[in-house]
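None of the figures in this text is laboratory data; all of them are computed from the coordinates on show. Just so it is clear, the structure is predicted and the values come from calculations on it, not from any experiment. With ideal geometry, Cβ positions are generated from the backbone for all residues, glycine too; neighbour counts draw on all protein chains shown.
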Amino acid sequence: MSKLSQQHSERTKNELLKAAARLFTEKGYNAVTIREIARNAGCSHTTLYIYFKDKEALLYALSEPSLTHLKAQLEHVLSQKNNQSEQKLISFCLLFIHFCLRHRNMYRIFFETKPSRVDEAHPEIEINKIRIEIFQLLKQALCECLPNNVSDSAQLSYSRILFYLIRGIIGTYMESEETVEALSQRLTPTFIEAFDVLLTGFTRRVEKE
C-alpha cells in the first residue's frame with residue numbers, strides 16, 4: 001500500500017470511529033445501524049466492513065484504548081507499597097471518578113453499552129473483559145481494607161455496593177457544566193467521607209458476623 005493510500009485508509013477509519021462515537025452518544029448504541037454510521041462518515045457500508053467486522057468491533061475500537069489506559073493507571077495506584085490500603089482505595093475511586101467525568105461524552109459508551117455481569121467468567125463481548133478486569137481491581141482495592149474473614153460472596157456484594165456509590169457520584173454530575181477540576185476541588189472531601197463511611201459500615205458488619 002502506498003503512503004497516500006495508507007493515509008486515506010487511516011482517514012476513513014478515523015471518520016468511521018468519529019461517526020460511530022457521535023451517533024452512539026446521540027441516539028444510543030442499539031438505535032444506530034451500520035449503514036447510518038457509514039453514511040455519516042461519508043462512505044458506503046461495504047467500506048465500513050473493510051475496517052470493522054460489526055458494531056461490536058466499533059464499540060471495542062472506541063473504548064479499548066481509553067479503558068486500557070485507565071486500567072494501567074488503576075494498577076499503578078494499587079502497586080504503591082508505601083501507601084496504606086485505605087489510601088489506595090480512596091485514590092483508586094477518585095481516579096475512576098475523575099476519568100469518567102473527564103470523558104462525560106463517552107462514559108456511556110465506555111461502561112454502559114452492552115455490559116455484562118461483573119462476575120461473568122467468559123463474557124461474549126470483548127470490551128466486557130476489560131470492564132470486568134477494572135471491576136476486579138476495585139474489588140481487590142476494597143478487600144485489602146476489609147478483615148481477612150470476609151466470605152467470597154460478601155466481597156463481591158460489598159464491591160458491587162461500592163461500585164454503585166461510585167456510579168451514583170458520576171451520574172449526579174454527568175450533566176454538570178462544572179469542569180472536572182472545579183468539581184474535584186469542591187467535592188473531593190465529600191467523596192472521601194462517603195468512601196470512609198461505607199468502608200466503616202462494611203467493617204462493622206463483618207465484625208458483627
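Below are the figures for this structure:
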quantity: Unique residue being assigned to a helix (DSSP H, G or I), out of contact with any helix residue (DSSP H, G or I) (no Cβ under 9 Å at 6 or more places or on another chain) and either among the small types (Gly, Ala, Ser) or farther than 30 Å from GLU177 by Cβ (or both) when the list is ALA38, ALA72; calculated: ALA72
quantity: Check on PRO115, closer than 15 Å to PHE163 by Cα and assigned to a loop (DSSP other than H, G, I, E, B); calculated: yes
quantity: Residues within region 137-154 that are touching a residue at least 12 places away in the same chain (Cβ under 8 Å) and either under 17 Å from the mean Cα position of the chain (by Cα) or surrounded by fewer than 16 Cβ atoms within 10 Å (Cβ to Cβ) (or both), tallied; calculated: 8
quantity: Residue under evaluation GLU124, criteria (1) of a type in the set (Asp, Glu); (2) within 30 Å of ARG35 (Cβ to Cβ); (3) assigned to a helix (DSSP H, G or I), criterion not met; calculated: (3)
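For (1) of a type outside the set (Ser, Thr, Tyr); (2) closer than 23 Å to ASN128 by Cβ; (3) crowded, with 18+ Cβ neighbours inside 10 Å; (4) in contact (Cβ under 8 Å) with a residue 60 or more places away in the chain, each residue gets a yes or a no:
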position	(1), (2), (3), (4)
LEU23	yes, yes, yes, no
TYR29	no, yes, yes, yes
ARG35	yes, no, no, no
ALA41	yes, no, yes, no
ALA61	yes, yes, no, no
